[in-house]
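The values are calculated or read from the model by the stated rules, or taken from the named source; none is laboratory data. Computed from a prediction, not measured in an experiment: that's the story for all the values here. Cβ placement follows ideal geometry from the backbone for every residue including glycine, while neighbour counts extend to all protein chains displayed.
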Amino acid sequence: MQTSTRIFVAGHRGLAGSAVLRELQRQGYANLLLRTHAELDLEDEAATRRFFAAERPQVVFLCAAKVGGILANDTYPADFLMRNLLIEANVIRAAHEAGVERLIFLGSSCIYPRDCPQPIKEEYLLTGPLEPTNRPYALAKIAGVEMCWAYNRQHATRYLAAMPTNLYGPGDNYDLANSHVLPALIRKMHEAKVAGNAEVTLWGSGKPRREFLHADDLARALVFLAGLGEQRFDSLVDPKICPLINIGTGEDLTIRELAELIAQVVGFRGRFVYDASRPDGTPRKLLDVSRLRALGWAPQIALRDGIANAYADFLERSKRLGSAEA
């Protein structure tokens with residue numbers, strides 16, 4: 001990519017998309033095409049095709065998606081399936097019609113089987129049953145991977161599907177009904193500390209192991225991939241292979257260990273209570289990131305430092321919200 005390359009960041013206000021936007025701006029990319037949901041509804045096929053036909057982006061980061069934690073996935077399965085399918089189908093088709101040179105589709109590690117070997121290699125896709133609590137979302141993301149591969153095979157496009165592990169960072173969702181585990185625990189710990197509560201309830205057993213990636217590290221990885229030289233990028237989108245690459249840290253910890261780390265950062269000194277009536281989800285999700293490491297990329301943000309950054313963002317947003325309500 002050149003600094004003048006026309007780049008569309010779909011979903012630039014979300015956790016991943018906003019991080020990609022920051023990274024592109026940091027690196028001096030100036031020709032950025034941005035649309036809010038109010039300005040462009042990517043679930044609207046006609047509007048999406050008109051946008052691509054008029055703006056002709058050269059590179060696309062497809063970060064727009066409906067996302068959420070276990071409770072949100074369980075409560076709105078049809079929304080998670082249909083809205084993500086529509087976004088992917090509309091953007092990928094319109095990108096082909098507009099002659100987009102490179103597209104990076106952002107998926108999720110939940111596409112892999114619930115009980116597949118660890119760490120999870122890209123080739124484990126579709127080798128076993130999915131985790132039931134987020135199956136509709138996972139199926140939509142699997143369809144996005146297949147769309148990229150199908151267009152590469154049929155139309156010689158160069159679309160890459162990037163599968164990140166669990167994300168967190170500035171711009172995250174802290175709504176306890178819809179958020180993922182890390183931001184939910186930040187909010188729970190903070191509110192318990194402020195209220196002087198002696199305990200915080202954790203869902204499930206606290207035993208499942210999870211890997212976490214700061215959104216800024218994800219953004220660096222995505223921009224790195226999009227900017228690879230022709231030969232290295234083409235090796236990732238060769239029509240003969242599924243264009244799939246994992247993005248993560250290669251390290252994980254239990255939910256209990258995560259909670260203890262967040263408590264240290266937030267300053268909560270109470271105890272944890274485990275709600276066994278709540279689902280654990282997948283026992284372990286650790287990505288094999290050897291393909292990405294072999295290309296020369298590695299994460300830069302340690303988990304404790306990243307949590308401190310996320311907590312500072314939570315406090316700042318809470319202060320702004322309080323000021324607005326006042």
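Could you list all residues from the stretch 74-104 that are outside any helix (DSSP H, G or I), crowded, with 19+ Cβ neighbours inside 10 Å and either at pLDDT below 95 or of a type in the set (A, V, I, L, M, F, W, C) (or both)? I'd like the intermediate steps shown before the answer.
First, pick out the residues of the stretch 74-104 that are outside any helix (DSSP H, G or I): 76, 99-104.
Now drop any that are not crowded, with 19+ Cβ neighbours inside 10 Å, which leaves 100, 102-104.
Residues satisfying the conditions are V100, L103, I104.
The sole residue among F268, F233 that is of a type outside the set (D, E, K, R) and either more than 28 Å from S4 (Cα to Cα) or surrounded by fewer than 16 Cβ atoms within 10 Å (Cβ to Cβ) (or both) is F268. Scanning the stretch 56-68 for residues that are crowded, with 23+ Cβ neighbours inside 10 Å and among the small types (G, A, S) yields a count of 2.
Only one of Y159, Y151, Y174 is in contact with a strand residue (DSSP E or B) (Cβ under 7 Å, 6 or more places away or on another chain), farther than 17 Å from R209 by Cα and surrounded by fewer than 23 Cβ atoms within 10 Å (Cβ to Cβ); which?
Values: Y159 fails: surrounded by fewer than 23 Cβ atoms within 10 Å (Cβ to Cβ); Y174 fails: in contact with a strand residue (DSSP E or B) (Cβ under 7 Å, 6 or more places away or on another chain).
Being in contact with a strand residue (DSSP E or B) (Cβ under 7 Å, 6 or more places away or on another chain), farther than 17 Å from R209 by Cα and surrounded by fewer than 23 Cβ atoms within 10 Å (Cβ to Cβ) holds for just one of Y159, Y151, Y174, which is Y151.
Within the stretch 287-313, residues that are under 16 Å from A215 (Cα atoms) and of a type outside the set (V, I, T) sit with their Cβ atoms under 6 Å from residues that are part of a loop (DSSP other than H, G, I, E, B) and at pLDDT below 95, at 6+ positions apart or across chains, in these pairs: D313/P170.
Kindly indicate whether any position in the stretch 65-83 is hydroxyl-bearing (S, T, Y) and within 28 Å of L228 (Cα to Cα). Spell out the reasoning first.
Start the filter on the stretch 65-83 by keeping residues that are hydroxyl-bearing (S, T, Y), which leaves 75-76.
Still in the list and also within 28 Å of L228 (Cα to Cα): none.
For the stretch 65-83, residues hydroxyl-bearing (S, T, Y) and within 28 Å of L228 (Cα to Cα): absent.
Whether a residue is over 20 Å from A221 (Cβ atoms), touching a Phe, Trp or Tyr at 6+ places or on another chain (Cβ under 9 Å), touching a residue at least 24 places away in the same chain (Cβ under 8 Å) and not aliphatic (A, V, I, L, M) was assessed, and P77 passes this test. Residue selection: A19 fails the criterion of being loosely packed, with under 14 Cβ neighbours inside 10 Å and either touching a residue at least 40 places away in the same chain (Cβ under 8 Å) or small (G, A, S) (or both).
Can we say A46 is modelled with pLDDT of 95 or more, surrounded by fewer than 17 Cβ atoms within 10 Å (Cβ to Cβ) and of a type in the set (A, V, I, L, M, F, W, C)?
Values: modelled with pLDDT of 95 or more: yes; surrounded by fewer than 17 Cβ atoms within 10 Å (Cβ to Cβ): yes; of a type in the set (A, V, I, L, M, F, W, C): yes.
Criteria met by A46.
List the helices (runs of 4 or more DSSP H) that sit entirely inside the stretch 152-243 and contain at least 1 residues that are touching a Ser or Thr at 6+ places or on another chain (Cβ under 8 Å).
Details: elements: 181-195, 215-226, 230-236.
Answer list for the stretch 152-243: 181-195, 215-226.
If the condition is being within 23 Å of G171 (Cα to Cα) and among the hydrophobic types (A, V, I, L, M, F, W, C), then the stretch 44-80 contributes V60, F61, L62, C63, A64, A65, V67, I70, L71, A72, F80.
Output the number of residues of the stretch 273-326 satisfying the condition of being among the hydrophobic types (A, V, I, L, M, F, W, C), assigned to a loop (DSSP other than H, G, I, E, B) and modelled with pLDDT under 95. Please lay out each step first, then the result.
At the first step, the residues of the stretch 273-326 found to be among the hydrophobic types (A, V, I, L, M, F, W, C) are 273, 276, 286-287, 289, 292, 294-295, 297-298, 301-303, 307-308, 310, 312, 314-315, 321, 324, 326.
Then keep just the ones that are assigned to a loop (DSSP other than H, G, I, E, B); that gives 276, 286, 289, 295, 297-298, 301-302, 326.
From the residues that got through so far, the ones that are modelled with pLDDT under 95 too are 276, 326.
Number of matching residues: 2.
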